[in-house]
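Asks: Below is the structure I would like to discuss, written out as C-alpha cells.
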Amino acid sequence: MRQCEVLVIGGGPAGLSAAIEAAKAGAQVVVVETNREVGGQLVKQTHKFFGSSRHRAGTRGIDIAKILRKQCEDLHVELKVNSLVMGIYADNVVAIDEKKSLTEHNIERIQAKKIVISTGASENSIRFPGWTLPGVMGAGAIQTMCNYHRVIPGRKLLMIGSGSVGLIVCYQLMQAGAEIVGIVEALPHINGYAVHASKLTREGIPIYTGYTIKEARGKERVEQAVIAKVNPDWSTVPGSEIVLDTDIVAVGAGLKPLIGMAHMSGCEFVYDKALGGWAPCHNKNMESTHKGIYVAGDTTGLEEASTAIEEGTISGIAIAESLGYIPKDKAKTLKDEGWERLAGLRSGFKGEDRVKAKMKQLNRYDEVMKGGK
Ligand SMILES: Cc1cc2nc3c(=O)[nH]c(=O)nc-3n(C[C@H](O)[C@H](O)[C@H](O)COP(=O)(O)OP(=O)(O)OC[C@H]3O[C@@H](n4cnc5c(N)ncnc54)[C@H](O)[C@@H]3O)c2cc1C
C-alpha cells in the first residue's frame, strides 16, 4: 500500500492552504479532490472578494483558486483530481476512487501519517408542494451550472432565501442574461450582505421579506410559483398569495458542514445553529478528537473562504510541527498569528454568534479529551 506523510481530503481553499503550509515546511503532501480541478467553491466565484488585502480583497474567487493551485504546484504537492475519497479506515488508511474515464475507475488505498478533512459543505433543501418538479434546484448548483459549465438552467428565476449565496447567485444569473422575478425571504429582513442586496434592488428586483414559497406549479417542469406572507409559526397568511411566472425556483436555504468523512473517522461533534448544524470539534491545532486527523474550513462550520484559508493554514503549520519540520516556538508564533487573523475575520457580520459557536467547539474538544461525555 502506498504511504504518504500528509493526505488532504478536499482541494478547496482550506485544503489547499493546509497543503501549502505543510509542503512549504518540507512535508510530502497529497491532495485528493473529487472534481476535475482543485479550488472548491472558488472555481465558480466570478465576483471580487472583499475584506483585507491579506485575504485577497478585490480578487475574484476564480483567480484565488488559480493562485492557490500554482503555489501547490510550485511546492510539488501532488494534486489527485477526479478522485473521490470513499472512506477513512483504521490506521489512517484512505480508500480513493479515481475516475480515469467515463467507465474506467482505479481504486487505490493510501496510508497517511496525518490527514486533513476539508470537504466543505452541502446545500440545504426545503419541501413544498411541487418541490420535485424539474426546475427546482439548489442555488449553489445553479451557480456551478452557470459559472463553471456555462449553462443557464432557465430564463426566469425566483430565489428562495436572501442569504449572501442567494443574492450573489441572482446577480450572476442576471449578468448571464436571466430575468430575476424576485427573491423571497421568510425573515422580516434581508439575510445576506447589504452590498450584494443593494446591487439587486438598484436593478429593480423585488425582495419579498416576510414571505415564503407556498407551491411550485407546472406540468413537465416549473412554470409558476406561488408565494405568500408567512406567520411566525410558518403558516401562510390566507389571501396574501402572489403568483409569479418562473421556470427556475432556486433554493438558497443555507448550507451545512459536509461531515461524512469526519463521522467515519470517529471524531466527536458539536451542534450549533451558527455552525450550520453538526460539526467536528477540534483544538487550536485544528486537530479533531481522533489523533492525527485534522479538520479545516466549512466542514468545521460554515464561514467564508478567508476563514477556510486561515484554518487550513493553521492545520498545515500544526502538522508540519508534529512531523518535526517546524520547531515548536516558531510554530506557536505562526499559529498564534493565524488565530489573531481569524479573530479579526470573525468580528464582522454575524460575528458574535460565530465566535460563541467556535468557542463551544474548542471547549467541547477539551471536555471530550478530559474524558467527559
Ligand atoms: C455563492 C457563494 C459565494 C461565496 N462568496 C464568498 C466571498 O465573497 N468571500 C468569501 O470569503 N467566501 C465566499 N463564499 C464561501 C466560500 O466559498 C466557502 O466558505 C469556502 O469555499 C469553503 O472552503 P472549503 O475549502 O472549506 O470548502 P470548499 O470550497 O467547498 O471545498 C471542499 C472541496 O472538497 C471536495 N470534496 C468533498 N468531499 C470529498 C471527498 N469525499 N473526496 C474528495 N474531495 C471531496 C469538494 O469537491 C470541494 O472541492 C461563497 C460561497 C458561495 C457558495
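Every number in this text was worked out from the coordinates using simple rules, so none of it is lab data. The model shown is predicted, which means the values in this text are computed figures rather than measured ones. Ideal geometry is used to build each Cβ from the backbone, glycine not excepted, and the neighbour counts take in all protein chains shown.
Asks: All other residues with a Cβ under 13 Å from the Cβ of Val77 taken together, and with Lys, Arg as +1 and Asp, Glu as -1, what is their net charge?
Replies: Values: positive: Lys24, Arg69, Lys70, Lys80; negative: Glu5, Glu21, Glu33, Glu73, Asp74, Glu78.
Once all neighbours under 13 Å are counted, the net charge is -2.
Asks: Whole angstrom only: what separates the Cα centroid of segment 140-162 from the Cα centroid of segment 311-373?
Replies: 35 Å
Asks: Using the Kirkwood radius over Cα pairs, work out the Stokes-Einstein diffusion coefficient for segment 1-86 at 25 °C and 0.890 mPa s, in µm²/s as a whole number.
Replies: 187 µm²/s
Asks: To continue, here is another question. Which cross-chain or sequence-distant (5 or more) residues have an amide H under 5 Å from the amide H of Thr246, H modelled 1.01 Å from N in plane?
Replies: Gln224, Ala225
Asks: Quick one: grab Rg to one decimal and Dmax as a whole number for segment 282-332, Cα atoms only, in Å.
Replies: 11.0, 32
Asks: Find out how many positive minus negative residues lie around His47, taking Lys and Arg as positive, Asp and Glu as negative, among other residues whose Cβ is under 15 Å from that of His47.
Replies: Cβ neighbours under 15 Å give a net charge of +3.
Asks: Next up: With θ set to phi - 60°, apply the Karplus curve 6.51 cos²θ - 1.76 cosθ + 1.60 along segment 99-111 and write out the HN-Hα couplings as whole Hz, x wherever there is a Gly or Pro.
Replies: 7, 8, 7, 4, 10, 9, 10, 10, 9, 10, 10, 10, 9
Asks: How large are Rg and Dmax for the chain when calculated on the C-alpha trace, in angstrom?
Replies: Radius of gyration, then largest Cα-Cα span, for the chain: 21.5, 68 Å.
Asks: Highest GNM mean-square fluctuation, the chain, Cα pairs closer than 10 Å: which of Ala23, Ala141, Ala112?
Replies: Maximum fluctuation in the GNM of the chain, among the listed residues, is at Ala141.
Asks: State the dimensionless ratio Rg/Rh of segment 125-251 (Rg: radius of gyration of Cα atoms; Rh: Kirkwood radius).
Replies: Rg/Rh: 0.94.
Asks: Pairs Lys99/Lys156; Lys48/Lys291; Lys335/Lys370; Lys99/Lys330; Lys48/Lys70; Lys332/Lys356: which exceed 29 Å Cα-Cα?
Replies: Lys99/Lys156; Lys48/Lys291; Lys99/Lys330
Asks: Of the residues Leu158, Leu187, Leu102, which exhibits the maximal mean-square fluctuation in a Gaussian network model of the chain defined by a 10 Å Cα contact cut-off?
Replies: In the Gaussian network model the winner is Leu102.
Asks: Quick one: net charge of Gly292's neighbours, Cβ under 12 Å, K/R +1, D/E -1?
Replies: Here the charged neighbours net out to 0.
Asks: Which shape class, rounded, prolate or oblate, goes with segment 1-159 when its Cα gyration tensor gives a ≥ b ≥ c as root eigenvalues, a/c under 1.5 marks rounded, and past that a/b bigger than b/c marks prolate?
Replies: Verdict is oblate for segment 1-159.
Asks: Non-local amide H neighbours of Gly182 (under 5 Å, H modeled in plane, Pro and chain starts lacking H): which ones?
Replies: Met159
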